[in-house]
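Let me begin by presenting the structure, written as structure tokens, before commenting on it.
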């Protein structure tokens, strides 16, 4: 995996060149996504995403930031196969994405665990649906993943007995249990308190590195994106498309001290400058 070091002296930001490798793992080309209410006319169409391009190689961790309502979550949902696209192409390993599939797993903002199932049984749920392995094997995998996310002693608890941060750890373990080729994350830490969120960000990086996971992470939080990503993709206002990709030049693993470095702060400022275009945030715009 490419893990470049921060250059000394100058700004630590570089425009992203084309990802290195023979074939993109995920390829989005000229993607167009429209919303149309049932029975509406052509003039009632909302263009959410237009001409969006993105490539991910295996083991990439890419974050997408953009103003509220710009279409970044819509774009992620299309990659997950939850909604269709009206133009362009979406491919995983050279094959079109026709709909949801076990090769992709989504981690949402809310953990949405099944309250009547214990933690271990929540993690095995996707494996049970796919019937891809015997129950004993599924439970062994779930225990390994709970250990990986720091919840080894909580397998027999119910979701209501866990904090919000712990529930999201279960959510992550459940997504990883099906061994997806691509992990999609839609603001998974947005509803968690600031201190826990920073801890969870570091834990997510650790888990993804340990499992060599390819991840696409949508967030409103520029600092979160800069801490997590190998590349940060900045979305335009709606109709959304990627206006710039910024390389994050810090090695993994990363720890909390990175956030206080001048290089990191300069990176955050550079992304913010691209996002706001020199105008500053608009009142009410949900960007941190």
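The values are calculated or read from the model by the stated rules, or taken from the named source; none is laboratory data. Predicted model only: the values in this text are computed from it and were never measured. Reconstructed Cβ throughout: ideal geometry from the backbone, glycine too, with neighbour counts over all protein chains shown.
So which residues in the stretch 99-116 are surrounded by 12 or more Cβ atoms within 10 Å (Cβ to Cβ) and not in a strand (DSSP E or B), if there are any at all?
100, 101, 102, 103, 108, 109, 110, 111, 112, 113, 114
Would you check if there is a residue in the stretch 226-241 being in the same structural domain as residue 275 (by TED's automatic domain parsing), at positive phi and within 17 Å of the chain's Cα centre (by Cα)?
The answer is no; no qualifying residue exists.
Only one of these conditions is not met by residue 96: (1) crowded, with 18+ Cβ neighbours inside 10 Å; (2) out of contact with any helix residue (DSSP H, G or I) (no Cβ under 7 Å at 6 or more places or on another chain); (3) more than 26 Å from residue 197 (Cα to Cα). Which number is it?
(1)
With respect to residue 68, determine if the residue is within 17 Å of residue 218 (Cβ to Cβ) and either in the same structural domain as residue 253 (by TED's automatic domain parsing) or more than 18 Å from the chain's Cα centre (by Cα) (or both). Please lay out each step first, then the result.
Details: within 17 Å of residue 218 (Cβ to Cβ): yes; either in the same structural domain as residue 253 (by TED's automatic domain parsing) or more than 18 Å from the chain's Cα centre (by Cα) (or both): yes.
So residue 68 fits the description; yes.
Would it be correct to say that residue 58 is in the same structural domain as residue 197 (by TED's automatic domain parsing), within 19 Å of residue 215 (Cα to Cα) and in a loop (DSSP other than H, G, I, E, B)?
Taking the combined requirement at face value, the residue satisfies it.
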